[in-house]
Amino acid sequence: MRSKPPSRSPILERGLNPSRDVYVHNRGDGWRLYTNGYRLAADHLITEAESHMPALGQANALLYPIVFLYRQHLELMLKYIILVGRRLKHETTQPPRDHRLRVLWGKSKSVMREQSISVSSVDRDQVDKVINELDGLDPSSDLFRYPLNKTAKFPFPDDLRQFSLSLFGAKLRAASDVLRKIADLLDADLELGREFYYDLYGG
């Protein structure tokens with residue numbers, strides 16, 4: 001007996017103008033689409049927060065999704081780098097389940113060494129600093145999602161309660177740009193491997 005296909009969710013309703021609808025990616029590999037989406041959303045929210053700086057309540061409310069979105073973007077970028085590294089070695093294509101940025105960055109650096117991906121010491125130090133600080137502040141990606149930690153205490157350090165969203169965004173974008181370059185180089189290696197396979201075996 002065939003299972004009944006899921007009915008269309010009423011909260012995901014088509015609009016009157018299809019050209020204005022959004023389309024969920026469901027074919028192939030959507031990792032880059034997801035990573036780009038989290039960064040794009042964070043960038044837009046920083047612009048929105050800065051445009052409402054006189055209304056500090058609104059800007060302050062936006063800082064939580066902004067930091068979470070950037071952190072999620074970095075986590076997915078690192079996992080993608082690791083995943084492509086595994087594909088290049090014909091290993092499992094399951095992404096790592098760890099949420100610790102330091103752990104994921106360490107594994108990403110191993111992929112870079114194995115695939116001879118080189119970045120400048122300045123770029124590497126930039127990513128190191130952002131990853132170490134953000135992982136030390138929010139190791140499990142909970143700090144900016146919930147107002148209280150698991151012990152029902154306010155978890156944010158008092159000495160970090162005031163900061164510039166503009167400077168934060170600039171540092172995170174710089175680290176993101178380095179990871180994107182690494183991912184692009186790995187993607188190019190993966191594409192070369194596919195072309196070689198198709199040439200050799202005819203598709």
request  = State the number of residues belonging to the stretch 73-125 that are in contact with a Phe, Trp or Tyr (Cβ under 8 Å, 6 or more places away or on another chain) and among the aromatic types (Phe, Trp, Tyr).
outcome  = 1
ask   = What do you reckon, is Gly57 touching a residue at least 12 places away in the same chain (Cβ under 8 Å) and small (Gly, Ala, Ser)?
value = no
query = When the stretch 96-115 is examined, which residues are found to be out of contact with any Asp or Glu (no Cβ under 7 Å at 6 or more places or on another chain) and either modelled with pLDDT under 95 or not aliphatic (A, V, I, L, M) (or both)?
reply = Pro96, Arg97, Asp98, Trp105, Gly106, Lys107, Ser108, Lys109, Ser110, Arg113, Glu114
request  = Mind counting the residues in the stretch 67-101 that are among the polar types (S, T, N, Q) and assigned to a helix (DSSP H, G or I)?
outcome  = 1
inquiry  = Taking the conditions exactly as written (free of Cβ contacts under 8 Å to residues at least 60 places away in the same chain, of a type in the set (S, T, N, Q) and in a loop (DSSP other than H, G, I, E, B)), does Ser110 satisfy them or not?
reply    = no
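Any chance you could count how many residues in the stretch 113-139 are assigned to a loop (DSSP other than H, G, I, E, B) and under 19 Å from Tyr70 (Cβ atoms)?
Selection size over the stretch 113-139: 2.
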ask   = Hey, among the residues in the stretch 44-78 that are surrounded by fewer than 19 Cβ atoms within 10 Å (Cβ to Cβ) and polar (S, T, N, Q), which one's modelled with the lowest pLDDT?
value = Gln58
query = Is the stretch 178-192 home to any residue that is modelled with pLDDT under 80, loosely packed, with under 15 Cβ neighbours inside 10 Å and closer than 29 Å to Leu88 by Cα?
reply = yes
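Taking only the stretch 141-168 into account, find how many residues are part of a loop (DSSP other than H, G, I, E, B) and either among the basic types (Lys, Arg) or modelled with pLDDT of 85 or more (or both).
8
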query = Would it be correct to say that Lys89 is more than 25 Å from Phe163 (Cα to Cα), at pLDDT 95 or above and in contact with an Asp or Glu (Cβ under 9 Å, 6 or more places away or on another chain)?
reply = no
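The values are calculated or read from the model by the stated rules, or taken from the named source; none is laboratory data. None of the values given here were measured: they were computed from a predicted structure. Glycine gets a Cβ as well: all are built from the backbone with ideal geometry, and neighbour counts include every protein chain shown.
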